[in-house]
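Novice: For reference, the structure I am asking about is given below.
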Amino acid sequence: MQIRLTQDEFDYLLSAEFVPENIRKSICDAVQKRSTDKFGEEKVMVEFSEEAADSVREICGDQLPIKGFDINYALNSEGKILESLIDKFFTG
């Protein structure tokens with residue numbers, strides 16, 4: 001399955017401490033194309049198997065309640081990225 005990530009989402013996955021090294025490597029290896037949309041935002045297209053996508057979705061889902069909310073239980077900036085990644089890596 002092809003997944004279009006923003007550059008911020010891609011960078012987050014590569015730098016997040018909770019992402020295991022083997023998944024980080026698979027994300028780098030999965031890059032198919034980089035582009036810029038009409039608003040100037042960089043996009044990274046990655047190709048994943050459903051199994052690999054499920055793994056990424058699961059680790060992001062595990063991290064969301066730990067780091068994704070502020071003191072008022074509203075999504076913080078990290079939570080917004082995690083929620084977006086959970087949606088994008090949904091295999092349905």
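Novice: What ranking do Val46, Val19, Val56, Val31 get, fewest neighbouring Cβ atoms within 10 angstrom at the top?
Specialist: Val31, Val19, Val56, Val46
Novice: Could you tell me the convex hull volume per residue, in Å³, taken over the Cα atoms of the chain?
Specialist: In the chain, the Cα convex hull volume per residue is 101 Å³.
Novice: Which whole-Hz ³J(HN,Hα) couplings does the range 74-79 yield from phi under the Karplus relation 6.51 cos²θ - 1.76 cosθ + 1.60, θ = phi - 60°, glycine and proline marked x?
Specialist: Result, ordered by residue: 9, 4, 8, 5, 5, x Hz.
Novice: Students often forget the sequence filter, so: which lysines lie under 22 Å Cα-Cα from Lys80 once same-chain residues fewer than 8 apart are removed?
Specialist: Once the sequence-local lysines are set aside, what remains near Lys80 is Lys43, Lys67, Lys88.
Novice: While we're here: Using mean Cβ contacts within 10 Å as the protection proxy, how do 39-45, 79-85 order, highest first?
Specialist: 79-85, 39-45
Novice: List every residue whose amide H lies under 5 Å from the amide H of Asn76, counting only residues 5 or more places away in sequence or on a different chain, with H placed 1.01 Å from N in the peptide plane.
Specialist: Here Phe69, Asp70 satisfy the definition.
Novice: Also, I was wondering about something else. Between Thr36 and Asn76, what's the calculated FRET efficiency when r is the beta-carbon distance and R0 is 25 Å? Round to 0.05.
Specialist: Values: r = 27 Å, r/R0 = 1.08.
For Thr36 and Asn76, the calculated efficiency is 0.40.
Novice: Quick one: Karplus J couplings for the range 81-92, per residue in order, coefficients 6.51, -1.76, 1.60, θ = phi - 60°, nearest Hz, x for Gly and Pro?
Specialist: 5, 4, 4, 5, 5, 4, 5, 5, 8, 5, 9, x
FYI, it's all coordinate maths here, none of it is from the lab. Given the structure is predicted, the values throughout are model-derived calculations rather than measurements. Note that each Cβ is placed from the backbone with ideal geometry, even for glycine, and that neighbours are counted across all protein chains shown.
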